[in-house]
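Everything on this sheet refers to the single structure shown next.
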Amino acid sequence: MGFAIVGLSALATLAMAQGQGQPAAPFMAHQLKPNVYWIEGGGGNSGVIVGDKGVIVVDAKTTAAGGKELLDNIAKITPKPVTTVILTHSDGDHVNGLASFPAGVTVIAHENNKREQEKALAAGGRGAPPADHLPSQVISKDKESLKIDGVKLELHHWAPAHTSGDLVVYLPSEKIVFTGDIIAGGRASDPLIHGEKNGSSEGWITTVKGIAAINADQFVEGHGDVLTKADIQKRLADAEAKRAKIKDLVAQGKSLDEIRTAVGDPPPGPGGPRFPSFTQVVYEELTKKGV
Ligand SMILES: [Zn+2]
C-alpha cells in the first residue's frame with residue numbers, strides 16, 4: 001500500500017496526503033535513455049519503455065485516476081499504445097491504477113504477486129486490485145529473459161524481500177534496473193518489509209546482493225529518485241550492519257523497545273499509515289525462529 005518512513009519529509013507528506021485522500025504528488029516524467037523514462041507521482045514510480053510498436057509499463061500507480069494520468073503522460077511521450085505492464089509487487093500504489101488501462105493489456109507479475117492480489121480481491125474493500133486486470137502472465141522462475149516488442153528484458157526474483165512476489169526488472173541493453181519497493185525512499189532509509197505478505201529481511205539482503213551485482217548504472221527505486229550502484233551497495237551495507245546488530249541484541253535477550261533505542265530508531269510516528277519498522281520486522285523474524 002502506501003509508504004511512510006519518518007524523517008523523509010517528501011515521502012511522509014505523500015503518504016499522509018494519500019491517507020487523507022488529498023491529491024498525491026504531481027506527475028513528472030524523466031528520461032533515462034532515448035526509449036526509457038520513469039514517471040513519478042500518484043503512487044510508486046513507474047517505468048515507461050517504448051518498444052517497436054507499443055509501450056511496456058512498469059507499475060501502474062495507486063488509483064484509476066492515477067492510472068489515467070499515467071497513460072496521459074505516456075501519450076505525451078509517444079503515440080504508441082501500452083501493450084504490456086510488468087508489476088514489481090502487489091501493493092496497491094503500484095497496481096490499482098491498472099483499472100484505467102485498456103482491456104486485454106498483458107500484465108506480467110510473479111506468481112506470488114498474483115496470489116497476493118487474489119487474496120486482496122477476495123477480502124475486498126478499499127485498496128483491492130481491479131478484478132479485470134489480474135496478472136495474465138505469471139513468472140515462477142528466479143530469472144526470466146524476455147524480448148517484448150523488440151526490447152530485451154530480464155525479470156529477477158531472488159527471494160521474498162519487500163513481499164513474497166517481488167520482481168526486479170532489468171534492461172540489459174540500457175543498463176537500467178527497476179527495483180520496485182525492495183529499494184525505496186532514497187539513499188539512507190531502512191528496508192520496508194511487508195511481513196503480512198511474507199516479505200523477509202534475510203531475503204531482502206539476498207535480493208539486494210543480487211541487484212547490486214547486476215551490470216547496470218541506473219536504479220529506479222519504488223519511491224524517490226534514481227540511484228547509482230554505489231547507493232545500492234550502501235543501502236545493502238547499512239541494512240546488513242543493522243540486521244547484525246539487532247541479531248546480537250536479540251541474542252542478548254533485549255526487548256524490542258531496548259533494541260529500538262539501541263539502534264537509534266525514531267519513536268513510532270503519530271497518525272497516518274505506518275508499517276512495522278525494519279527493526280521490528282527483524283526482531284519478530286529472529287524471535288519467531290527462537291534465535
Ligand atoms: Zn510496496
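The values are calculated or read from the model by the stated rules, or taken from the named source; none is laboratory data. Since this is a predicted model, take the numbers as computed values, not measurements. Cβ: placed from backbone, ideal geometry, glycine included. Neighbour counts: every protein chain shown. Surface areas here come from the heavy atoms of the whole protein model, side chains and all, with no ligands, DNA or RNA. Shrake-Rupley method; radii C 1.70, N 1.55, O 1.52, S 1.80 Å.
Against the condition under 26 Å from GLY41 (Cα atoms) and surrounded by fewer than 24 Cβ atoms within 10 Å (Cβ to Cβ), how does ILE182 come out, does it pass? It is false that ILE182 is under 26 Å from GLY41 (Cα atoms) and surrounded by fewer than 24 Cβ atoms within 10 Å (Cβ to Cβ).
Hey, can you tell me all the residues within the range 70-103 that are surrounded by 15 or more Cβ atoms within 10 Å (Cβ to Cβ) and at pLDDT below 95?
First, pick out the residues of the range 70-103 that are surrounded by 15 or more Cβ atoms within 10 Å (Cβ to Cβ): 70-71, 73-74, 77-78, 80, 82-101.
The answer is none; no residue qualifies.
Among residues that are under 13 Å from the mean Cα position of the chain (by Cα), farther than 20 Å from VAL263 by Cβ and open to solvent by 20 Å² or more (accessible area, probe 1.4 Å), GLY165 is not included.
State which residue is farthest from the chain's Cα centre (by Cα) when the search covers only the range 211-268 and only residues that are assigned to a loop (DSSP other than H, G, I, E, B) and among the hydroxyl-bearing types (Ser, Thr, Tyr).
Of the range 211-268, the ones assigned to a loop (DSSP other than H, G, I, E, B) are 213-217, 222-225, 228, 252-255, 264-268.
Narrowing further to those that are among the hydroxyl-bearing types (Ser, Thr, Tyr): 228, 255.
Numbers: THR228: 17, SER255: 30 Å.
It comes out as SER255.
Of the residues in the range 202-211, not one is charged (D, E, K, R), closer than 20 Å to LEU153 by Cβ and at pLDDT 95 or above.
Would you call VAL168 within 15 Å of SER90 (Cα to Cα) and either aromatic (Phe, Trp, Tyr) or within 16 Å of the ligand (Cβ to nearest atom) (or both)? Before the answer, list the steps.
Working: within 15 Å of SER90 (Cα to Cα): yes; either aromatic (Phe, Trp, Tyr) or within 16 Å of the ligand (Cβ to nearest atom) (or both): yes.
Spelling it out, VAL168 is indeed within 15 Å of SER90 (Cα to Cα) and either aromatic (Phe, Trp, Tyr) or within 16 Å of the ligand (Cβ to nearest atom) (or both).
Hey, any hits in the range 126-133 for a residue that's within 23 Å of VAL36 (Cβ to Cβ) and under 18 Å from the mean Cα position of the chain (by Cα)? No, the conditions are met nowhere in the range 126-133. Within the set THR163, THR106, THR88, the sole residue that is farther than 20 Å from GLN218 by Cα, among the hydroxyl-bearing types (Ser, Thr, Tyr) and within 13 Å of the ligand (Cβ to nearest atom) turns out to be THR163.
Residues being touching a strand residue (DSSP E or B) at 6+ places or on another chain (Cβ under 9 Å) and open to solvent by 50 Å² or more (accessible area, probe 1.4 Å): count how many of those fall in the range 216-232.
The first filter runs over the range 216-232 and keeps only residues touching a strand residue (DSSP E or B) at 6+ places or on another chain (Cβ under 9 Å), leaving 216-229, 231-232.
Those left that are additionally open to solvent by 50 Å² or more (accessible area, probe 1.4 Å): 217, 225, 228-229.
Result for the range 216-232: 4.
In the set (1) out of contact with any helix residue (DSSP H, G or I) (no Cβ under 6 Å at 6 or more places or on another chain); (2) surrounded by fewer than 21 Cβ atoms within 10 Å (Cβ to Cβ); (3) in contact (Cβ under 8 Å) with a residue 24 or more places away in the chain, the condition left unmet by GLY195 is number (1). Number of residues in the range 23-33 that are over 16 Å from ASP217 (Cβ atoms), open to solvent by 40 Å² or more (accessible area, probe 1.4 Å) and modelled with pLDDT of 95 or more: the value is 2.
Scanning the range 147-160 for residues that are touching an Asp or Glu at 6+ places or on another chain (Cβ under 9 Å) and either touching a residue at least 24 places away in the same chain (Cβ under 8 Å) or open to solvent by less than 20 Å² (accessible area, probe 1.4 Å) (or both) yields ASP149, GLY150, VAL151, LEU153, LEU155, HIS156, HIS157, TRP158, ALA159, PRO160. Just one of (1) modelled with pLDDT of 95 or more; (2) surrounded by 22 or more Cβ atoms within 10 Å (Cβ to Cβ) fails for GLU174. It is (2).
Summed over the range 183-225, the residues that are aliphatic (A, V, I, L, M) and in contact with a Leu (Cβ under 9 Å, 6 or more places away or on another chain) give a count of 9. Within the range 200-215, being open to solvent by less than 10 Å² (accessible area, probe 1.4 Å) and farther than 17 Å from PHE178 by Cα holds for SER201, GLY203. The number of residues in the range 171-210 that are on the phi > 0 side of the Ramachandran plot, within 12 Å of the ligand (Cβ to nearest atom) and assigned to a loop (DSSP other than H, G, I, E, B) comes to 1.
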